[in-house]
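Notes follow once the structure below has been shown.
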Amino acid sequence: MTVLSYRQAIRDTLRSEMLRDERVLLIGEEIGVFEGSYKITAGLLAEFGEQRVRDTPISEEGFTGAAVGAAMLGLRPVVELMTINFSLLALDQIVNHAAKIHGMFGGQCRVPMVIRTPGGGGQQLGATHSQNVELYYAFVPGLKVVAPSNPADAKALLLAAIRDDDPVLFLENLSLYNTKGEVPEDDEPAEIGRAAVTRSGSSITVIGYSRMAAVGLEVAEKLAQTEGIDAEVIDLRSLRPLDRDTIVQSVRKTHAAVVLEDDWLTYGIGAEIAATISDGAFDQLDAPVRRVAMAEVPLPYAKNLERAALPSAEDAATAIRQTLAAVARMP
């Protein structure tokens, strides 16, 4: 094991895959000479040259579409969109082309491409630069959507995404880039569509992804130490395909669940998780599923208002306590 930051794990994985497979190339704004807005592509232009590290104009629809074409012709492009907010400018290429070509052409053509993009608030970047709109993509058949919460998963899921023959949206979170953790030295890809039980427990199931999976684990460990609450924590890792079996099996064991997400509550990822639990574990539930999400507002710029709008560790702890209190009132 090596201790790496989330940022470094992604950067090192991109480099190793470019060394392994000459079909892998990087495409995006300012990823070459400037080395990326978040310095994830630092040093890669100097090592691999401008044929494989392609700086692009500020035209998300244009260079995402170019990557779709490159993938159709046998390359394996990794697109960096500066933030997920800007992916909305490439929505047609992602949803109507990358996701659908394999099916529309009867399986004759694959689109092996990765779209890397960070999202999330907390950086005082304003409402249009702080969104979590992964729901737009997790909704679409033909796409795979993954959301690692730690450096080890960032490496394993990126390996899987680059080697996959279908388009994969690789979600990062700005608040995770400097977090550190142990990363295996082998190049074993993760299984896309497989959640991870990051903490085993029996009192309640806590479910999250990306930043909120990390928050959920932190809260569970603290509640175990201070209040004796033995929470099981599930890191979804993949939003499409979704590992419904792991969710249902856990809730059947604990009989209660709280879902944590960084997006808005209405029509959010948590609603899908709650429906999954209702379908698969309704008779085992001892209390309603609670959801913790962002306030339903465009995210404010002011730091105090931004902090108030985003879901916090205390919000998660409160939801867990309230759910267990409801369980205790059951006859």
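The values are calculated or read from the model by the stated rules, or taken from the named source; none is laboratory data. Here the structure is a predicted model, which means the values were calculated and not measured. Because the Cβ atoms are built from the backbone with ideal geometry, glycine has one as well, and the counts that use them run over all protein chains shown. What goes into the accessible areas is simple: the full protein's heavy atoms, side chains included, and nothing from ligands, DNA or RNA. Shrake-Rupley method; radii C 1.70, N 1.55, O 1.52, S 1.80 Å.
Go through (1) assigned to a helix (DSSP H, G or I); (2) open to solvent by less than 30 Å² (accessible area, probe 1.4 Å); (3) closer than 22 Å to Gln249 by Cα and name the single condition Asp279 misses.
It is condition (2) that Asp279 fails.
Taking only the stretch 23-49 into account, find how many residues are open to solvent by 70 Å² or more (accessible area, probe 1.4 Å) and either closer than 22 Å to Ala156 by Cβ or in contact with a Ser or Thr (Cβ under 8 Å, 6 or more places away or on another chain) (or both).
Looking only at the stretch 23-49, we keep the residues that are open to solvent by 70 Å² or more (accessible area, probe 1.4 Å), and these are 23, 30, 33-34, 39, 46-47.
Okay, now just the ones that are also either closer than 22 Å to Ala156 by Cβ or in contact with a Ser or Thr (Cβ under 8 Å, 6 or more places away or on another chain) (or both), so 23, 30, 39.
Adding up the residues that qualify gives 3.
Where in the stretch 170-273 are there strands (runs of 3 or more DSSP E), lying wholly inside it, with at least 2 residues that are aliphatic (A, V, I, L, M)?
196-199, 204-208, 231-235, 257-264
Which pairs have Cβ atoms under 7 Å, sit 6 or more apart or on different chains, and link a residue in the stretch 85-106 that is under 18 Å from Ala66 (Cβ atoms) to one that is of a type in the set (S, T, N, Q) and assigned to a helix (DSSP H, G or I)?
Cβ pairs passing all conditions: Ala90/Thr64; Gln93/Thr64; Ile94/Thr64; Ile94/Ser87.
Could you check, for the stretch 241-260, whether at least one of its residues is out of contact with any helix residue (DSSP H, G or I) (no Cβ under 9 Å at 6 or more places or on another chain), touching a residue at least 60 places away in the same chain (Cβ under 8 Å), within 19 Å of Glu218 (Cα to Cα) and open to solvent by 30 Å² or more (accessible area, probe 1.4 Å)?
Checking the stretch 241-260: not a single residue is out of contact with any helix residue (DSSP H, G or I) (no Cβ under 9 Å at 6 or more places or on another chain), touching a residue at least 60 places away in the same chain (Cβ under 8 Å), within 19 Å of Glu218 (Cα to Cα) and open to solvent by 30 Å² or more (accessible area, probe 1.4 Å).
Take the stretch 128-153 and flag every residue that is of a type outside the set (A, V, I, L, M) and assigned to a helix (DSSP H, G or I).
If the condition is that a residue be of a type outside the set (A, V, I, L, M) and assigned to a helix (DSSP H, G or I), then Thr128, His129, Tyr136, Tyr137, Pro151, Asp153 are the ones that fit.
I need every pair where a residue in the stretch 50-70 that is under 23 Å from Cys109 (Cα atoms) and modelled with pLDDT of 95 or more has its Cβ under 6 Å from the Cβ of a residue that is buried (at least 19 other Cβ atoms within 10 Å of the Cβ) and hydroxyl-bearing (Ser, Thr, Tyr), sequence separation at least 6 or different chains.
Phe63/Thr56
Looking only at the stretch 196-240, count how many residues are open to solvent by 30 Å² or more (accessible area, probe 1.4 Å), small (Gly, Ala, Ser) and either in contact (Cβ under 8 Å) with a residue 24 or more places away in the chain or touching a Gly at 6+ places or on another chain (Cβ under 7 Å) (or both).
Residues in the stretch 196-240 being open to solvent by 30 Å² or more (accessible area, probe 1.4 Å), small (Gly, Ala, Ser) and either in contact (Cβ under 8 Å) with a residue 24 or more places away in the chain or touching a Gly at 6+ places or on another chain (Cβ under 7 Å) (or both): 4 in total.
Let me confirm something: among Ile27, Ile31, which residue is closer than 30 Å to Ser130 by Cα, at pLDDT 95 or above, within 24 Å of the chain's Cα centre (by Cα) and in a strand (DSSP E or B)?
Ile27
Of all residues in the stretch 100-159 being hydrophobic (A, V, I, L, M, F, W, C) and touching a His at 6+ places or on another chain (Cβ under 7 Å), which is nearest to Ser312 (Cα to Cα)?
Out of the qualifying residues, it is Val111.
Looking at (1) within 30 Å of Pro141 (Cα to Cα); (2) open to solvent by less than 70 Å² (accessible area, probe 1.4 Å), find the lone condition where Glu191 falls short.
Just one mismatch for Glu191, condition (2).
Take Asn178 and tell me if it is open to solvent by 50 Å² or more (accessible area, probe 1.4 Å), in contact (Cβ under 8 Å) with a residue 40 or more places away in the chain and closer than 18 Å to Gln8 by Cβ. If you could, list the steps in order and put the result at the bottom.
On the way: open to solvent by 50 Å² or more (accessible area, probe 1.4 Å): yes; in contact (Cβ under 8 Å) with a residue 40 or more places away in the chain: yes; closer than 18 Å to Gln8 by Cβ: yes.
Yes, satisfied.
Grab the strands (runs of 3 or more DSSP E) fully contained in the stretch 50-127, keeping just those with 1 or more residues being open to solvent by 20 Å² or more (accessible area, probe 1.4 Å), touching a strand residue (DSSP E or B) at 6+ places or on another chain (Cβ under 9 Å) and within 20 Å of Val146 (Cβ to Cβ).
Because the criterion is at least 1 residues that are open to solvent by 20 Å² or more (accessible area, probe 1.4 Å), touching a strand residue (DSSP E or B) at 6+ places or on another chain (Cβ under 9 Å) and within 20 Å of Val146 (Cβ to Cβ), the strands (runs of 3 or more DSSP E) in the stretch 50-127 that meet it are 76-80.
When residues of the stretch 288-331 are filtered for being open to solvent by less than 60 Å² (accessible area, probe 1.4 Å) and assigned to a helix (DSSP H, G or I), how many remain?
Of the residues in the stretch 288-331, 13 are open to solvent by less than 60 Å² (accessible area, probe 1.4 Å) and assigned to a helix (DSSP H, G or I).
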